[in-house]
Amino acid sequence: MVIAVLGETPYAETKGDAAFPTALNHSLRHPNDQAVLDRISGRGVPVVSVLYSGRTLYANSLINKSNAFVAAFLPGSEAAGITDVLFRNARGQVAHNFSGKLSFPWPSNACPPATNAPQTNYRPLFNYGYGLDYLSRNNIGVLPIDRRTTCPSAQ
């Protein structure tokens with residue numbers, strides 16, 4: 001198994017260093033992360049991607065290259081908690097069930113609405129509260145890729 005830890009460069013909150021109209025497309029803003037997954041995926045070894053970010057990001061191309069995808073956000077000094085749910089204990093048993101849930105809707109395109117309030121004309125990829133555990137599976141198939149680098153002014 002490969003555990004690929006990916007992430008953004010340091011910045012402040014919300015759009016941070018991605019000033020409008022820059023799209024929040026992680027793979028285009030951080031091509032090295034995409035290059036790593038392109039090299040390792042599809043070779044018969046499961047890939048678990050762990051994404052560190054301070055915001056939800058459009059990451060369909062990363063998700064497409066991963067067997068499992070964890071939005072770890074900014075764990076700070078508690079990053080060891082992530083290993084607690086990714087690895088088994090010394091007896092080979094699941095030490096802690098994985099039970100993460102999204103605290104924000106996850107974007108379905110590179111130019112999501114500027115607010116997290118419900119939108120009548122926008123469907124997120126994953127809704128607020130979405131999450132899986134070790135007993136549930138959700139094969140989402142191949143996700144569409146949005147290659148926009150800028151967003152329209154109506155965002």
- [ ] Name the single residue, out of those in segment 86-105 being without any contact (Cβ under 8 Å) to a residue 12 or more places away in the chain and loosely packed, with under 11 Cβ neighbours inside 10 Å, that is nearest to the chain's Cα centre (by Cα).
- [x] Arg88
Open item on the list: Filter segment 30-49 down to the residues that are within 19 Å of Glu8 (Cβ to Cβ) and either surrounded by 19 or more Cβ atoms within 10 Å (Cβ to Cβ) or touching a residue at least 24 places away in the same chain (Cβ under 8 Å) (or both) and list them by number.
Closed with: His30, Asp33, Gln34, Val36, Leu37, Asp38, Val48, Ser49
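The rows are residues; the columns are (1) under 30 Å from Ala23 (Cβ atoms); (2) at pLDDT below 85; (3) hydroxyl-bearing (Ser, Thr, Tyr).
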| position | (1), (2), (3) |
| --- | --- |
| Ser66 | yes, no, yes |
| Arg88 | no, no, no |
| Pro113 | yes, yes, no |
| Tyr122 | yes, no, yes |
| Leu125 | yes, no, no |
| Val142 | yes, no, no |
Open item on the list: What's the number of the only condition in (1) among the aromatic types (Phe, Trp, Tyr); (2) out of contact with any strand residue (DSSP E or B) (no Cβ under 6 Å at 6 or more places or on another chain); (3) at negative phi that Phe73 fails to meet?
Closed with: (3)
Task: Of residues in segment 43-59 being more than 10 Å from the chain's Cα centre (by Cα) and part of a loop (DSSP other than H, G, I, E, B), the one modelled with the lowest pLDDT - done: Gly54
Open item on the list: I need a count of the residues in segment 80-91 that are part of a helix (DSSP H, G or I), out of contact with any strand residue (DSSP E or B) (no Cβ under 8 Å at 6 or more places or on another chain) and not charged (D, E, K, R).
Closed with: 4
- [ ] Looking only at segment 1-42, count how many residues are polar (S, T, N, Q), modelled with pLDDT of 80 or more and more than 22 Å from Asn67 (Cα to Cα).
- [x] 2
Task: Matching option when the condition is over 24 Å from Pro31 (Cα atoms) and in a loop (DSSP other than H, G, I, E, B), among Ser153, Ser108, Ser77, Ser66 - done: Ser153
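The values are calculated or read from the model by the stated rules, or taken from the named source; none is laboratory data. All values reported here derive from a predicted model rather than from experimental measurement. Note that each Cβ is placed from the backbone with ideal geometry, even for glycine, and that neighbours are counted across all protein chains shown.
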